[in-house]
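Single-structure report; data block below.
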């Protein structure tokens with residue numbers, strides 16, 4: 001079945017550094033979503049991508065829909081302490097459905 | 001604007017006791033509703049989803065059940081909790097449309113500890 005693998009699993013970085021994480025799948029996705037989960041909270045949608053090659057920004061966050069449709073990337077520039085959390089990629093299981101598959105998550109820690 | 005409410009925020013229950021978690025959505029009609037579970041440090045597992053009142057689909061066999069008595073109300077239940085039911089439970093909703101709007105919006109979660 002479809003699976004989403006995220007890497008790295010966790011990151012420990014210094015405040016001000018840039019962050020890159022990715023999400024890969026063995027099958028094609030038509031939509032890529034990136035969520036952030038703060039500790040003890042539900043995930044919040046950061047960015048949605050709908051087209052291969054699409055590059056979308058949300059403040060310091062930039063996400064890209066891979067050309068092969070089997071991957072997506074999220075970059076955070078100039079990290080700050082409130083960037084701490086778990087970042088999940090997600091995509092619908094098949095076209096025209098909103099039942100999402102979630103990636104394994106990337107846990108980000110930012111040190112001042 | 002749409003909001004989703006989930007309660008309680010935390011719950012400690014003994015093994016064998018019943019469970020009822022409630023979720024309501026405001027500001028939208030006929031949403032798709034979902035229950036997810038997240039084990040500590042793990043990803044999100046879809047438990048149930050509903051496309052309408054009384055319509056429940058189960059994703060995995062388990063000790064839990066779900067009900068949707070009203071359009072914007074989704075309830076997660078158990079008659080007898082197991083230790084393995086511990087986890088972080090998340091309710092979510094999405095716009096019910098055949099188009100592209102697959103985005104899920106999550107509640108703030110319920111941390112359930114079964115002791």
- Assuming R0 = 22 Å, what is the FRET efficiency of residue A:38 and residue B:22, from their Cβ-Cβ distance, to the nearest 0.05? 0.50
- Task: Report the equivalent ellipsoid semi-axes for chain B in whole Å, largest first, defined as the square roots of five times the eigenvalues of the gyration tensor built from alpha carbon atoms.
- Result: 24, 14, 13
- Item | Stokes-Einstein D in µm²/s, Kirkwood radius over Cα pairs - chain A at 10 °C with 1.306 mPa s viscosity | 114 µm²/s
- Task: Report the antiparallel proportion of the DSSP beta bridges in chain A as a percent, rounded to a multiple of 5.
- Result: 90 percent
- Message: For a Förster distance of 30 Å, can you work out the FRET efficiency between the beta-carbons of residue A:45 and residue B:82, rounded to the nearest 0.05?
- Response: 0.40
- Take the Cβ-Cβ distance between residue B:2 and residue A:70 as r, set R0 to 30 Å, and report the resulting FRET efficiency rounded to the nearest 0.05. 0.40
- Message: Looking only at the protein assembly as shown, where both bridge partners belong to it, what percent of the DSSP beta bridges are antiparallel (to the nearest 5)?
- Response: 90 percent
- Relative contact order, percent, chain B [alpha-carbon distance under 8 Å, six or more residues apart]: 35 percent
- For region B:10-67, the Rg and Dmax computed from alpha carbons only, in angstrom: 13.0, 37
- At q = 0.14 Å⁻¹, work out log10 I(q)/I(0) for the protein assembly as shown with the Debye formula, treating every Cα as an identical point scatterer and leaving solvent out; two decimals please. -0.89
- Could you grab the relative contact order for chain A? Cα pairs under 8 Å, six or more apart, rounded to a whole percent. 36 percent
- Query: Roughly how many nanometres apart are two label points built 7 Å out from the Cα toward the Cβ at residue B:63 and residue A:3?
  - Reply: 2.7 nm
- Compute the distance in nm between two label points, each set 7 Å from the Cα along the Cα-to-Cβ direction, one at residue A:14 and one at residue B:39. 3.7 nm
- Query: So what does log10 I(q)/I(0) come out to for region B:58-98 at q = 0.14, 0.24 Å⁻¹, using the Debye formula with one equal point on every Cα and no solvent?
  - Reply: -0.42, -1.02
- Within 10 Å of the Cβ of an average residue in A:4-16, the count of other chain Cβ atoms is 0
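Read-outs: derived from the displayed coordinates by stated rules, not from any lab. On a predicted model such as this, the values are computed, not experimentally measured, just so you know. Using ideal geometry, Cβ is built from the backbone for each residue, glycine included, and neighbour counts are taken over all protein chains shown.
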